[in-house]
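What follows is a short report on a single structure.
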Amino acid sequence: MEAKGYTQDGTVDLHGQPALAARTGKWKACAFLLGYEAFERMAFYGIASNLVVYLTSQLHEDTVSSVRNVNNWSGAVWITPILGAYLADSYMGRFWTFTISSLIYVMGMVLLTMAVSIKFLKPRCENGVCSKATSTQVAFFYTSLYIIAIGAGGTKPNISTFGADQFDDLNPHEKTLKISFFNWWMFSAFTGALVATLGLVYIQENMGWGLGYGIPTLGLIISLIVFYAGTPIYRHKVRRTRHPAAHVLRVFVAAFANAKAQLPENPDELYELDQEYYIRTRKRRVHHTPVFRFLDKAALVKQHNNSNNNNNNKPSSSSSKQEACTITQVEEAKLVLGMGMIWVVTLIPSTIWAQINTLFVKQGTTLDRHIGPNFQIPAASLGSFVTLSMLIFVPLYDRYFVSFMHKRTGNPRGITLLQRLGVGFLIQILAIAIAYIVEVHRMNVIKLHNIKTKEEIVPMTIFYLLPQYILLGVADVFNAIGLLEFFYDQSPEEMQSIGTTFFTSGIGVGNFLNSFLVTVVDKITGQGGGKGSWIGKNFNDSHLDYYYGFLFILSVVNMGVFVLASKKYVYKVESAEVKVRCVEILEEGKAMTVSSFGLQV
């Protein structure tokens with residue numbers, strides 16, 4: 001393949017023909033995808049950033065209900081990618097799953113724009129005061145939101161992995177380019193989010209919600225046209241396994257079936273196919289690791305076949321060997337289990353992130369938002385500083401931090417993926433600590449000025465909230481991008497769409513967890529008529545500082561668990577057989593080497 005100028009990883013064009021390395025993929029293909037991501041993020045944050053304000057001001061929901069509904073919708077947006085990834089990896093492929101889902105996404109955006117624009121679909125408002133929405137209006141509004149969530153389920157897990165597919169892992173130059181991909185991918189996402197938090201939320205509150213939702217809808221349609229213009233130069237991964245998730249499940253079933261069997265001291269005695277199989281199928285062989293040893297029992301060959309086991313690295317037609325899983329299959333199951341272990345410790349950080357579009361916004365509405373005598377910024381616009389800090393620090397991280405650390409560690413990424421996550425989590429802990437301190441100060445100002453009602457504005461500038469927003473933006477340069485790259489990089493080759501849903505589902509469950517915590521805390525602390533409630537209807541008579549303190553304690557405990565999980569985690573070590581070349585992709589954190597055939601990866 002390489003002699004004819006084709007990609008070495010077996011990617012093809014849309015018609016299933018081998019992809020020409022010089023004419024397809026790389027950054028020229030990703031440019032079309034980055035444009036879509038920017039507009040999609042503008043649409044999503046154009047809704048999410050100010051949704052709590054729409055629900056309270058237009059639909060007249062109370063604070064707890066609006067926070068819960070925002071979290072539930074955001075959670076659905078980030079959870080549905082599990083289904084979209086499964087469809088892509090098992091049936092339709094990334095490109096076609098994305099294509100169908102993007103049309104559903106656009107339909108949801110059109111319906112949502114109608115819900116806030118057409119007179120009989122939205123609450124009647126006079127002199128800035130809106131009447132209570134009818135059940136039909138509420139149903140239409142939420143139906144539109146959840147159609148968007150369904151569409152996002154097929155776009156989110158597949159567009160980023162499709163972008164990463166444009167780089168050939170087995171080509172040294174392209175593999176180097178790929179190291180920067182997720183940094184610049186998120187940079188484009190942050191650009192779209194910045195437009196939303198700076199411009200769209202202002203348009204929504206001052207020029208109309210219909211215009212505020214209509215602009216990103218139009219932008220999304222244009223971005224899809226641009227995306228499909230790049231179709232001739234896209235590379236597509238070939239699906240070599242029909243149901244990769246089922247193969248992982250089979251490993252667990254086989255391991256439990258062999259629970260009473262003894263493992264050999266030498267892992268080479270476990271079942272594995274020979275090298276010719278991996279050369280012929282172009283699959284990657286994953287090497288044995290010492291973690292989760294109980295799963296190795298899935299690769300045991302039954303005792304009555306010992307006569308055939310002297311050459312057990314070769315494929316056999318015997319039924320017992322067909323029942324046994326290969327070492328590669330076992331290691332893929334171990335990868336999924338290990339990623340699940342890391343996934344659990346991302347839930348609390350995702351809960352912290354959920355505050356940006358919920359409690360931070362409601363907190364901001366109580367403060368002085370004036371810039372000059374006549375201009376007042378929307379509370380949700382402060383979220384733009386999260387995005388601005390990301391946009392500033394992503395290039396600094398990619399161009400300077402990685403280079404600086406590479407010289408000291410020898411790691412092409414500068415630091416390992418899990419070290420990157422750990423730094424981000426530490427910065428998040430600092431951010432929520434500062435949020436607690438600022439809220440304590442706000443409570444003192446309220447007491448000093450004897451403020452009682454929720455309509456009274458606290459004489460304290462909203463820019464007191466800036467540090468917590470900026471720090472969360474810096475933290476995301478480490479943990480959001482790091483998580484996306486980690487779950488893509490560590491996933492089994494045939495499950496990379498499903499693998500990235502570890503990232504999206506973590507955010508989704510974090511939103512659901514925040515919804516659960518807010519509801520439970522309000523119910524417990526709001527007993528007795530609401531006096532002393534941590535998250536009451538009246539933010540000027542609540543104890544939000546207690547809730548932030550509670551989140552701080554959870555974050556510190558979670559950080560300890562993360563450190564323990566990181567020490568137990570073993571990175572993927574795999575090799576790919578490509579004709580006469582043997583390429584070994586080494587463990588994360590170690591220097592890349594040249595194989596015996598001279599090909600560096």
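I'm checking my understanding of the structure. Among residues of region 191-207 that are free of Cβ contacts under 8 Å to residues at least 40 places away in the same chain and open to solvent by less than 60 Å² (accessible area, probe 1.4 Å), which one is farthest from Tyr45 (Cα to Cα)? Restricting to residues being free of Cβ contacts under 8 Å to residues at least 40 places away in the same chain and open to solvent by less than 60 Å² (accessible area, probe 1.4 Å), the top hit is Ile203. For region 326-348, give me each residue that is part of a helix (DSSP H, G or I), of a type in the set (Val, Ile, Thr) and over 12 Å from Phe292 (Cβ atoms). Hits for region 326-348 are Ile327, Thr328, Ile342, Val344, Ile348. All but one of (1) within 30 Å of Phe486 (Cα to Cα); (2) open to solvent by less than 40 Å² (accessible area, probe 1.4 Å); (3) under 25 Å from the mean Cα position of the chain (by Cα) hold for Gly410; state the number of the condition that does not hold. Result: Gly410 fails condition (3) only. The residues of region 258-277 that are in contact with a helix residue (DSSP H, G or I) (Cβ under 8 Å, 6 or more places away or on another chain) and assigned to a helix (DSSP H, G or I), listed by number, are Pro267, Glu269. For Val394, the conditions (1) out of contact with any Asp or Glu (no Cβ under 9 Å at 6 or more places or on another chain); (2) over 15 Å from Asn479 (Cα atoms); (3) in contact (Cβ under 8 Å) with a residue 24 or more places away in the chain are fulfilled apart from (2).
Among the residues of region 371-407, just one is open to solvent by 10 Å² or more (accessible area, probe 1.4 Å), part of a helix (DSSP H, G or I), farther than 21 Å from Trp185 by Cβ and small (Gly, Ala, Ser), namely Ser381.
Considering only residues of region 273-287 that are modelled with pLDDT of 80 or more and in contact with a Lys or Arg (Cβ under 7 Å, 6 or more places away or on another chain), which is farthest from Gln8 (Cα to Cα)? The qualifying residue farthest from Gln8 (Cα to Cα) is Asp274.
Okay, residues lined up against (1) open to solvent by less than 20 Å² (accessible area, probe 1.4 Å); (2) of a type outside the set (A, V, I, L, M, F, W, C); (3) more than 20 Å from Gly153 (Cα to Cα):
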residue: Gln58; (1), (2), (3): no, yes, yes
residue: Ser66; (1), (2), (3): yes, yes, yes
residue: Asn71; (1), (2), (3): yes, yes, no
residue: Trp78; (1), (2), (3): no, no, no
residue: Pro81; (1), (2), (3): yes, yes, no
residue: Gly84; (1), (2), (3): yes, yes, no
residue: Ser90; (1), (2), (3): yes, yes, no
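Of everything in region 95-109 that is of a type outside the set (Ser, Thr, Tyr) and in contact with a Ser or Thr (Cβ under 6 Å, 6 or more places away or on another chain), the residue that is nearest to Arg41 (Cα to Cα) is Met109. Take the conditions (1) buried (at least 17 other Cβ atoms within 10 Å of the Cβ); (2) within 25 Å of Met207 (Cα to Cα); (3) at pLDDT below 85; Cys130 misses just one of them, which is (1).
Those helices (runs of 4 or more DSSP H) of region 145-219 in which at least 2 residues are closer than 21 Å to Leu103 by Cα, considering only elements entirely within it, cover 181-195.
Only a single item in (1) in contact with a helix residue (DSSP H, G or I) (Cβ under 8 Å, 6 or more places away or on another chain); (2) in a helix (DSSP H, G or I); (3) closer than 27 Å to Ser384 by Cα is not met by Phe516, and it is number (1). Any residue in region 358-366 that is at pLDDT 90 or above, closer than 27 Å to Ile47 by Cα and either in contact with a helix residue (DSSP H, G or I) (Cβ under 7 Å, 6 or more places away or on another chain) or open to solvent by 30 Å² or more (accessible area, probe 1.4 Å) (or both)? Within region 358-366 (the criterion being at pLDDT 90 or above, closer than 27 Å to Ile47 by Cα and either in contact with a helix residue (DSSP H, G or I) (Cβ under 7 Å, 6 or more places away or on another chain) or open to solvent by 30 Å² or more (accessible area, probe 1.4 Å) (or both)), the answer is no, since none of the residues qualifies. Just checking, does region 181-189 include any residue being in contact with a Pro (Cβ under 9 Å, 6 or more places away or on another chain) and open to solvent by less than 20 Å² (accessible area, probe 1.4 Å)? For region 181-189, residues in contact with a Pro (Cβ under 9 Å, 6 or more places away or on another chain) and open to solvent by less than 20 Å² (accessible area, probe 1.4 Å): present.
Residues checked against (1) under 29 Å from Leu198 (Cα atoms); (2) in a loop (DSSP other than H, G, I, E, B); (3) modelled with pLDDT under 85:
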residue: Asp9; (1), (2), (3): no, yes, yes
residue: Gly16; (1), (2), (3): no, yes, no
residue: Glu40; (1), (2), (3): yes, no, no
residue: Ala43; (1), (2), (3): yes, no, no
residue: Val53; (1), (2), (3): yes, no, yes
residue: Ser66; (1), (2), (3): yes, no, no
residue: Ser74; (1), (2), (3): yes, no, no
residue: Trp78; (1), (2), (3): yes, no, no
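The values are calculated or read from the model by the stated rules, or taken from the named source; none is laboratory data. Only a predicted model underlies this, so the values are computations on that prediction, with no experimental measurement involved. Backbone-built Cβ (ideal geometry, glycine too); neighbour counts: all protein chains shown. Surface accessibility is based on the protein's heavy atoms, side chains included, excluding ligands, DNA and RNA. Shrake-Rupley method; radii C 1.70, N 1.55, O 1.52, S 1.80 Å.
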